[in-house]
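The values are calculated or read from the model by the stated rules, or taken from the named source; none is laboratory data. These numbers were taken from a predicted model, which means no experiment stands behind them. Note that we place each Cβ from the backbone using ideal geometry, even for glycine, and neighbour counts take in every protein chain shown. Please note that ligands, DNA and RNA were not included when accessible areas were found on the heavy atoms of the full protein model with its side chains. Shrake-Rupley method; radii C 1.70, N 1.55, O 1.52, S 1.80 Å.
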Amino acid sequence: MKMISGLKLCKRIKERGIKKVHLAAHIGISRQALNVRCNNGTSRADINLLDKLCEALECEPGDLLVERDQ
């Protein structure tokens, strides 16, 4: 199963120099929800969220996804 890696997500946010509060507002989720994804990753890859994150962070899905054992 693929999941969004919190570590990869945080790294990409820092590389792009984007504040989490601005990214969250841009993609339509709360800052708290973004923090959960950064700290814990997420067990399911929400395609719409992944698409918005990739667009905002100028990356490909593979840059944020990791394989996770079920």
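For VAL21 and GLU67, FRET efficiency with R0 = 25 Å and r from the beta-carbon atoms, rounded to 0.05? Working shown, then result.
Values: r = 30 Å, r/R0 = 1.21.
Here the calculated transfer efficiency is 0.25.
Give the Kirkwood hydrodynamic radius (Å, one decimal) of the chain, defined as one over the mean of 1/r across all pairs of different Cα atoms.
Across the chain, the inverse of the average 1/r is 11.8 Å.
Each residue, ASN40 and LYS14, gets one label point 7 Å from its Cα in the Cβ direction; the gap between the two is 2.2 nm. The accessible surface of the chain, taken with every protein chain in place and a 1.4 Å probe, is 47 percent carbon and sulfur.
Residues whose amide H comes within less than 5 Å of that of ASP46, counting only those at least five positions distant or on another chain, are absent (H built at 1.01 Å from N in the peptide plane). Applying both filters, DSSP loop and at most 16 other Cβ atoms within 10 Å, to the GluC sites (Glu not before Pro) of the chain gives GLU58. Take each peptide in 59-65, 46-52, count the other Cβ atoms within 10 Å of every residue, and average; sorted highest first, the result is 59-65, 46-52.
Summing +1 for each Lys or Arg and -1 for each Asp or Glu among the other residues whose beta-carbon sits under 10 angstrom from that of CYS54 gives -3. Accessible surface calculations at 1.4 Å, restricted to protein heavy atoms, place the chain at 66 Å² per residue. Rounded to the nearest 20, the size of the Cβ-charge dipole of the chain about its Cα centre is 360 debye, with Lys and Arg at +1 and Asp and Glu at -1.
Taking Lys and Arg as +1 and Asp and Glu as -1, the other residues whose beta-carbon sits under 14 Å from that of LYS19 total +4.
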